[in-house]
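For reference, the structure is listed below as structure tokens.
The values are calculated or read from the model by the stated rules, or taken from the named source; none is laboratory data. These numbers come from a predicted model, not from an experiment. Here Cβ is always computed from backbone atoms with ideal geometry, including for glycine, and neighbour counts include all displayed protein chains. Please note that ligands, DNA and RNA were not included when accessible areas were found on the heavy atoms of the full protein model with its side chains. Shrake-Rupley method; radii C 1.70, N 1.55, O 1.52, S 1.80 Å.
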Amino acid sequence: EKDGQGGFKFVHDKVREASYNLIPASDKDQFHYDLGKLLHSTCQGKEIGDAQFMIVSQINRGLQLIKSHPSLRMEIAELNMKAGNLALDRSDFVTANSCFSVTLSLLPDDHWESMHTFC
């Protein structure tokens, strides 16, 4: 069904689920990571509010894909830090903790010395 913005949307959740199940399990992490990165690039420079949580959630599902890429790790750590701070501002402590935990997992071991201003 057309969504009124030149795109399409799923008419029924079962159709969406069936489409998602066509993605091989081995490709799902990459799919979510790519989706999150696409959403992030589309939203850059805009006030996105709660969409920040959806973006980091999608990207975080593919974290193992970036473990060996320090620059990507920092970019994703910053996104999670922003989402964590937004969650704190909204008193959503569970989400904040999750975002901050991901942030810490992506920082280098010596982050207290090498990234003092970030921490």
Matching residues in the stretch 43-81 - criterion: being of a type in the set (D, E) and either over 17 Å from C99 (Cα atoms) or open to solvent by less than 40 Å² (accessible area, probe 1.4 Å) (or both): E47
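Among the candidates F31, F10, single out the residue that is surrounded by fewer than 16 Cβ atoms within 10 Å (Cβ to Cβ), at pLDDT 90 or above and under 30 Å from D92 (Cβ atoms). Steps first, answer last, please.
Details: F10 fails: at pLDDT 90 or above.
Criteria check complete, one pass: F31.
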Helices (runs of 4 or more DSSP H) completely within the stretch 61-119 that count 1 or more residues being modelled with pLDDT of 90 or more: 70-89, 93-106
So S57, is it small (G, A, S) and in a loop (DSSP other than H, G, I, E, B): no
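For every residue, the table says whether it meets (1) out of contact with any Cys (no Cβ under 7 Å at 6 or more places or on another chain); (2) closer than 14 Å to K37 by Cβ.
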residue	(1), (2)
N60	yes, yes
K67	yes, no
M74	yes, no
A77	yes, no
G84	no, no
F93	yes, no
